[in-house]
Amino acid sequence: MLGTAASAATISPTTAHAANTIRRAFHSNPFNSLSSSHHSILCARFRCLSLRSFTAVSTKAMSHPQTLDAPHPQSSAAGNKQALISLSDKKDLALLGNGLQELGYTIVSTGGTASALENAGVSVTKVEQLTCFPEMLDGRVKTLHPNIHGGILARRDQKHHMEALNKYGIGTFDVVVVNLYPFYDKVTSMGGIAFDDGIENIDIGGPAMIRAAAKNHKDVLVVVDSQDYPALLEFLDGSQDDQQFRRKLAWKAFEHVASYDSAVSEWLWKQTVGDKFPPSLTVPLSLKSSLRYGENPHQKAAFYVDKSLSEVNAGGIATAIQHHGKEMSYNNYLDADAAWNCVSEFRNPTCVVVKHTNPCGVASRDDILEAYRLAVKADPVSAFGGIVAFNIEVDEALAKEIREFRSPTDGETRMFYEIVVAPKYTEKGLEILRGKSKTLRILEAKKNEKGKLSLRQVGGGWLAQDSDDLTPEDIQFNVVSEKKPQDNELCDAEFAWLCVKHVKSNAIVIAKDNRMLGMGSGQPNRLESLRIALRKAGDEVKGAALASDAFFPFAWKDAVEEACESGIGVIAEPGGSIRDGDAVDCCNKYGVSLLLTNVRHFKH
C-alpha cells in the first residue's frame, strides 16, 4: 500500500466531493456526446483524484474490517438503485427494463443491450460512462473494470468496503442481469464452426459478472434466465427481503456458468485430443420432469436430459415427444429406452415388444401389421402391459390394429400397453391411438446415433464405455462345424444375434424367419436361460437358429447338447471357451451348424 498510517476519516472532503462531481459529469453527459478530448480530460482527472485519495488511506485502515450498524447504505454515490443488464438473448428485455425503471432503478448496460433498451423507451447509462473506457479489443473488454466489479462485489455490511467505494466514486449494483454468448448453439450448429470462431464465442466478462453477483447475492440479485424476470420484479416491488429467493437465484447463476463451462471444456477437449475418455468429465444435466416415484413408490425420482454437446440432435428417448397419455414414470423411461434401442437396430420394418427392459417379442416383415402380430405372439402373456415399438411410421391401419388386436392366448382380451413408440405418426394414426386409452403414452423418437458414450453409476463412481453398436454387417459369422448353414439359416442366425444383444445376460434367443420364437434372460446359468427360451419357442424350434450372448462353458449334457437335441438347426455364439472343441464335436454329432462370431454381447 502507498502512503502513511492515517484513518479513513482524514480523507479530504474536497477530494471526495471532486471525485463524485466528476462521476456525476459522466452520468449527465452521454458518452457518445463527449468529444474525445473532453473524455480524456474527464477520465484523466478522475483517475488522478482516485490516486490521490488512494494514497491517503492507510494499510491499517484497509486491513481491519468493521461491520456497519446500518443494514444498507445508499446503493450508489448519487443515492440511486442501480441495475446492470448485459444480454446476448434479449427475450423480454423491454419487460425487464421498463419494470426496473418504474421501480426507480438506474439501468447500466452494454452495447446491443443498451441500444435495445433505448429503443424500448428505457433510459440507459452506458458502461463506458462508469469505466471511462470504450469497449475495446473487438468487444473482449467491456465490463472487466473496478467500477463495475467493485460495485457488484462490495459487501454493504463491511464499513471498509463502502468507504473504498465512496473514496473512488463507485456506485453499487443491486441487480445484475446477464446471459452469455450463445457458445452452445454456435458450436452445435449445422456445418460446425471454425476453431477461431468457437474461441471468439467463449464469454469472459459475462461469467465474471454472474459469478461476482452470485457470490455477493446477499446484496445483489443475479438473474440469468428470462423466465425469472416476473419473479424478480415482484420481489423488488415487495417489502420483504427473502434470502432464500436470493440464494436460489445465486444457485441458478452458478449452475448456468458451470453448464456453460462444461460445454466449452467438452468442445475444446475434442479440438485438441479427441479421446473419448478425458482425465476429468463433467456431464451437464437439465431437469426435464419430477417423477411420481422411482422404481418403487417409496423412492423419489426425477428425469434429467443430458445437455452435453455430443447429445445434440443425437436422438434417443430423452428427447422424445410425448403426444398423449399419462406422464412418464421412472420404469417407463427404462422400458421405452430398451424398446427403442432394440427396434432401431433393424433395417426392415420391425416391431419390438419389451417387458422390464427385455425384448419378449421381435418380428420383421414387409407388412408391419404382420410383424406386430408375430411380435406379440412370441410371448403374449409378457406383452400384455408392455411397451410396443416400431421403426417405421404408425399410420391409420397400424393404429387400428394396435387398438383392436386381441391376445393370442384367448382371442378375446384386447391387448393393453403402457407405451407406443415410433419415429413418426400420421395424423389419423395419432387420433386412433389416442382413442385406445387415456393413459396410453404415445412417444415420437429419433433414432440414437452411433458412437455415444455410455455411462453407468456404481457406488461412488461411474463406469464409461462405448455403446454397443455392432450389427451383423460389422462382424463375421465363422462356420466351424462340418455342416454349413443354408442362406435362410444364416439370416435367422443374424436376426437372433441382433436380438440377443438387447436381452439381459445370461441371454438366449431362438428365432426363425425373421421373428423371435423365444428368449431366456437374466439367469445365473446359461442352461436355465436356454430351457426358458426352448419352452417359449415350443414346437417351432425345429430348424430354428439360436444365439447366445456369450460362449458356452460346457457342451455335452449341457446347453449345447440340449439345444441340438431339441431340433435347433444353427447356433451362433462368440466362442472363446476352453471347451469350444466340445461344442464343435457336439454340433457335428447332431448335424447342427455352429457359427463363432468372436463378439460377446453381455448386458448387465
Exercise for review: Could you please state, rounded to a whole Å, how far the C-alpha centre of segment 453-487 is from the C-alpha centre of segment 158-184?
Suggested key: 57
Point to revise | Over the chain: helical MRE at 222 nm, DSSP H runs n ≥ 4 each giving -39500 (n - 2.57), nearest 500 | key: -11500 deg cm²/dmol
Practice item. For an R0 of 60 angstrom, estimate the FRET efficiency from the Cβ-Cβ distance between I204 and K424 and round to the nearest 0.05. Key: 0.90
Practice item. Keeping all protein chains in place, calculate the accessible area per residue for the chain (probe 1.4 angstrom), answer in Å². Key: 49
Practice item. Give a residue-ordered list of calculated ³J(HN,Hα) values for segment 343-349 (Karplus: 6.51 cos²θ - 1.76 cosθ + 1.60, θ = phi - 60°; whole Hz; x for Gly, Pro). Key: 5, 5, 6, 8, 7, 7, x
Exercise for review: Please report, in whole Å, how far the alpha carbons of segment 82-271 spread along each principal axis, starting with the longest.
Suggested key: 50, 34, 33
Point to revise | Amide H within-cut-off set for V141, under 5 Å, with H built and near neighbours excluded | key: M136
Point to revise | At most 12 other Cβ within 10 Å, DSSP loop - chymotrypsin sites (Phe, Trp or Tyr not before Pro), segment 545-574 | key: W556
Review point. For segment 475-596, what is the relative contact order in percent, using Cα pairs closer than 8 Å and at least 6 residues apart in sequence?
Key: 29
Point to revise | Dmax and Rg, reported as Rg then Dmax, of the chain (C-alpha, Å) | key: 34.1, 109
Exercise for review: Quote to one decimal, in nm, the extra length available between K248 and Y304 on full extension: 0.36 nm per residue of separation minus the C-alpha distance between them.
Suggested key: 18.3 nm
Review point. Lysines near K436 by alpha-carbon distance under 22 Å, same-chain residues fewer than 8 away left out - which ones?
Key: K326, K355, K377, K400, K424, K428
Check your understanding: When the Karplus curve 6.51 cos²θ - 1.76 cosθ + 1.60 is applied with θ = phi - 60°, which whole-Hz ³J(HN,Hα) does each residue of segment 235-242 get, with x for Gly and Pro?
Key -> 5, 5, 7, x, 10, 9, 9, 8
Review point. Got a sec? Which residues in segment 317-359 would a label at S290 touch, if it sits 7 Å along Cα→Cβ and we count backbone N under 20 Å?
Key: 326-333
Check your understanding: For segment 82-271, what is the relative contact order in percent, using Cα pairs closer than 8 Å and at least 6 residues apart in sequence?
Key -> 21
Exercise for review: Kindly work out what percent of the DSSP beta bridges joining two residues of the chain are antiparallel, to the nearest 5.
Suggested key: 55
Check your understanding: Using a Förster distance of 60 Å, how high is the FRET efficiency between A194 and K542, based on the Cβ-Cβ distance and rounded to 0.05?
Key -> 0.45
**Study point:** Segment K270-Q322, extension gain: residue separation times 0.36 nm, minus the distance between their alpha carbons
**Key:** 15.4 nm
Check your understanding: From the Cα gyration tensor of segment 475-596, with a ≥ b ≥ c the square roots of its eigenvalues, which class applies: rounded if a/c is under 1.5, or else prolate if a/b is larger than b/c, or else oblate?
Key -> rounded
Check your understanding: Given the Cα-Cα distance of W462 and K447 and 0.36 nm per residue of separation, how much length would full extension add, in nm?
Key -> 2.9 nm
**Study point:** ³J(HN,Hα) computed for each position of segment 305-312 - Karplus, 6.51 cos²θ - 1.76 cosθ + 1.60, integer Hz, glycine/proline x
**Key:** 9, 6, 9, 4, 4, 5, 9, 5
Check your understanding: Amide H of Q158: which non-local residues (sequence gap of 5 or more, or other chain) have their own amide H closer than 5 Å, using H built in the peptide plane?
Key -> L68
Check your understanding: Within segment 475-596, what percent of beta bridges assigned by DSSP are antiparallel, to the nearest 5?
Key -> 60
Practice item. First compute the accessible area of the chain with a 1.4 Å probe, then give the percent of it belonging to carbon and sulfur atoms. Key: 51
Practice item. Scan segment 225-334 for trypsin sites (Lys or Arg not before Pro) in coil per DSSP, keeping those whose Cβ has at most 13 other Cβ atoms within 10 Å, and list them by number. Key: R292, K300
**Study point:** Listed peptides 209-219, 404-414, 153-163 by packing density, highest first (mean Cβ within 10 Å)
**Key:** 209-219, 153-163, 404-414
Review point. Distance from the Cα centre of segment 565-585 to that of segment 346-420, in angstrom?
Key: 32
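The values are calculated or read from the model by the stated rules, or taken from the named source; none is laboratory data. This one's a predicted model, so the numbers in the text were calculated from it and none came from an experiment. Because the Cβ atoms are built from the backbone with ideal geometry, glycine has one as well, and the counts that use them run over all protein chains shown. Ligands, DNA and RNA are stripped out before the accessible areas are found, and what is left, the full protein with its side chains, is counted by its heavy atoms. Shrake-Rupley method; radii C 1.70, N 1.55, O 1.52, S 1.80 Å.
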